[in-house]
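Chemist: Quick one: this structure, given as structure tokens, is what I'll be asking you about.
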Amino acid sequence: MKSWTAALLVLALSPLALAQTKPTKTRVWPQELKITGNQTVELYQPQVESLAQNDIKARAAFKLTRDGKDYYGSCKIEAKAEINKESDLVELSRIRIKNLQAPTANITNNDLQTEIEKQLDGKTVSFSYRALVDNLSLAAGSHIKQPDLHNAPPDFVFASEPSILIMISGEPQWTDSSGAKEVKRILNSSALFLHQKDSKDFYLWALGKWFQSADLKGPWQVSKSGPTSKFVMIKDKLVKDKKIDPLEGKGPDGKPLYQPGVTPKIIVATKPTELLQSTGEPKYSAVEGTALLYMSNSPNSIFIDSKDQNYYTLVSGRWFRSASLQGTWSYVSGKQLPKDFAKIPVKSPVAEVLVSVPGTPQAKEAVVVSQIPQTAQVKRDLKPKDISCDGKVKWQSIPGTNLKFAQNCNSPLIEVTAESFYLVQDGVWFTATSAKGPWQVALAVPEEIYKIPASSPLYYVTYVHVYGSTSDMVTVGYTPGYHGTFVSADGTIVYGTGYNYDSYTSGNQWYPAPSTYGFGVGYGWGYEAGFFMGFSMGSLMYPWGWGYCCYGPTFVNININNTYTNWGRHTVISGPAGHGITTNTIGQTKFIRGNDSSNIYATHDGQVYRRTDSGWQKNIGPGSWENVDRKNTADLDHMHGSRDINRDVARPPTGRDFSGRPQLQGGGGFRAGGFHGGGFRR
């Protein structure tokens, strides 16, 4: 890690350019550059070789046309990148040309480099985020951050009837209800549990009705008469103020998850728990080409290995094994996983689990995606929103560091020294000389912060970075670790660190710590969001914790939702989607829509290749190409595929909910800055 005092990077766009006009971009390749001496250069779409924070290194092929002859060459490109995953755009700026080679052109390479850079000066060029993912999948692996994760299994509950799992963050903490102190509610859950003093009954509001039980652990039944009007008034106000999750039982389309007349079983848990379900008695189908069976009437990923007769299930990206569905489950490392899991066909109804099987192409690509940041430019005068603490700040040391964090504040607040404080909100770092502010957008972050271990509830903030600044803007970014997605020691991605952190609870505030289990988290691969892979919540309730918030559809793709949109359109330039419109001409630079615009490539060794209808050819001189043996074209085919930005994305097979979204399963959750007046630590 570089020293934070030297971590300032130069932004790609000058302050003057930002103030006057937004840079024009294009996704049309190649680009024709007019250079001196009536020469032209066609620069073909780069192949990205590495991405470090927002610094991209790539290689590209080009064609130099001079005196009616074409000469092919290659070059290295270094540039700054702005990445917008939602818009499928990567924008390069401050482009520099390195190591230009044109062996047969009889030119001075340095002069041509200078000419190309001159034409690209102040310009930005764009290509697809999908191409970036494919390029990085092909490139040699870079350093992958692998935290020390905890893999102790949660409690598992199996049900063959419709059920809802409702989480309480630890032992119930009761607090007075506003306007009716004799009515208590549980503070450390986003669900509404109420209990009146001297009464034997507990009440729960869910699915538009009151449930009643003599024991908090159940069994719960629909209340025949309902509680008194005081309970209804308390519920209505809390729902209006968005301080509790009403558990409406609706999917992302607004339709009920349960058929009329179906009342699910209520399951209440106070420690990490996962609900596994089937629709009626379990039914199993064979996985083609393997000894595996999968539970075909379950929204969960549940398997039987016919060789060892064990059950396997995938939860939050982790595998667990048991001799029976009601038995004790244990964690299974990638090395222990039966080899048949890697043989699951990509067209199988259970192919979504391939991202969690070490060594599969899906697992490797998921890791690549987890390393790519979402970037944005924010104004230097941006201020944090709604910072609140429950009384005087209570500081707690962070093990392994010299840092302290505020236990009782709704945003991650860190003390570096007695006169240096840092806070992160919605993917932006702020700094101040006092814990009370005033706060300024941070231009750099102390290296010590990035030493926070995974055992700390603030670990996720180590995935938020500052990339550079100008006089009025700061470039920032975060990778999916900010939302709780991490790379395991097996080389697969998982959700959550696995640690059961303590949440902060007082008489009237609850600041929940990040949680790994209880929300039906599954990894979506190839479903509606296409190649934008990421973990999605499959719970009935909204999730709590991590640098993530959503008060809307529960089935949200964690890795794709752009946190920077929370700041508003006029505050943040969120990557390339905010820059101008696509055009074919920028100044003296013309952009060509030729039929061969995706067919010229440069390889690592500087050689230039083209793809024709009959196969691949290598350039050996002006107008001269030689055929390439088909046995040696695998990498070339991969490069070509990564450029086809409009290609169809694989859709999941029918017959199962492929997105890891168990539509009958419940979990716990809340909205940032909403539930219980505290919100989670953004």
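Chemist: How far apart, in nm, are the 7 Å Cα→Cβ label points at K271 and D176?
Modeler: Here the modelled spin labels are 3.3 nm apart.
Chemist: OK, next. Which pairs in the list K76/K123; K240/K436; K209/K237; K85/K364; K80/K618 are over 21 Å apart, alpha-carbon to alpha-carbon?
Modeler: K240/K436; K80/K618
Chemist: Then there's this: In whole Hz and in residue order, list the ³J(HN,Hα) couplings for region 214-225 that follow from phi through the Karplus curve 6.51 cos²θ - 1.76 cosθ + 1.60, θ = phi - 60°; x for Gly and Pro.
Modeler: Per residue, the Karplus-derived 3J(HN,Hα) values read 7, 9, 4, 7, x, x, 9, 10, 5, 5, 6, 10 Hz.
Chemist: Can you pull the one-decimal nm distance between simple spin-label points at N106 and K436, each 7 Å off the Cα toward Cβ?
Modeler: It works out to 7.8 nm between the two label points.
Chemist: Of T328, L403, V367, which is farthest along the charge dipole of region 296-412 in the positive direction, counting Lys and Arg as +1 and Asp and Glu as -1 at C-beta?
Modeler: L403
Chemist: What is the set of long-range amide H partners of K394 at a cut-off below 5 Å, with H atoms built 1.01 Å from backbone N?
Modeler: Q407, N408
Chemist: State the extension gain, in nm to one decimal, for the chain segment bounded by D70 and T328, taking 0.36 nm per residue of separation less the distance between their alpha-carbons.
Modeler: Residue separation times 0.36 nm, minus the Cα-Cα distance, leaves 85.9 nm.
Chemist: Can you work out ³J(HN,Hα) from phi for every residue in region 281-298, in order, using Karplus 6.51 cos²θ - 1.76 cosθ + 1.60 and θ = phi - 60°, giving whole Hz and x for Gly and Pro?
Modeler: 4, x, 10, 10, 10, 7, 8, 3, x, 9, 9, 8, 10, 10, 6, 7, 10, 10
Chemist: Moving to a separate point now. Using amide H atoms built in the peptide plane, which far-off residues or other-chain residues are under 5 Å from S316 H to H?
Modeler: Here the answer is V521, since their amide H atoms fall under 5 Å of that of S316.
Chemist: While we're looking at this one, here's another question. Taking K69 as the anchor, which aspartates and glutamates have their alpha carbon closer than 15 Å to its alpha carbon, excluding any fewer than eight residues away along the same chain?
Modeler: E42
Chemist: Could you tell me the center-to-center distance, by alpha carbons, between region 435-476 and region 23-91 in angstrom?
Modeler: Between the Cα centre of region 435-476 and that of region 23-91, the gap is 32 Å.
Chemist: A follow-up question, please. Amide H to amide H, which residues 5 or more places from S190 or on other chains are under 5 Å from it, using H placed in the peptide plane?
Modeler: G669
Any read-out appearing in this document is the output of simple, stated calculations on the displayed coordinates, not a laboratory observation. All values derive from a computational prediction rather than experimental measurement. With ideal geometry, Cβ positions are generated from the backbone for all residues, glycine too; neighbour counts draw on all protein chains shown.
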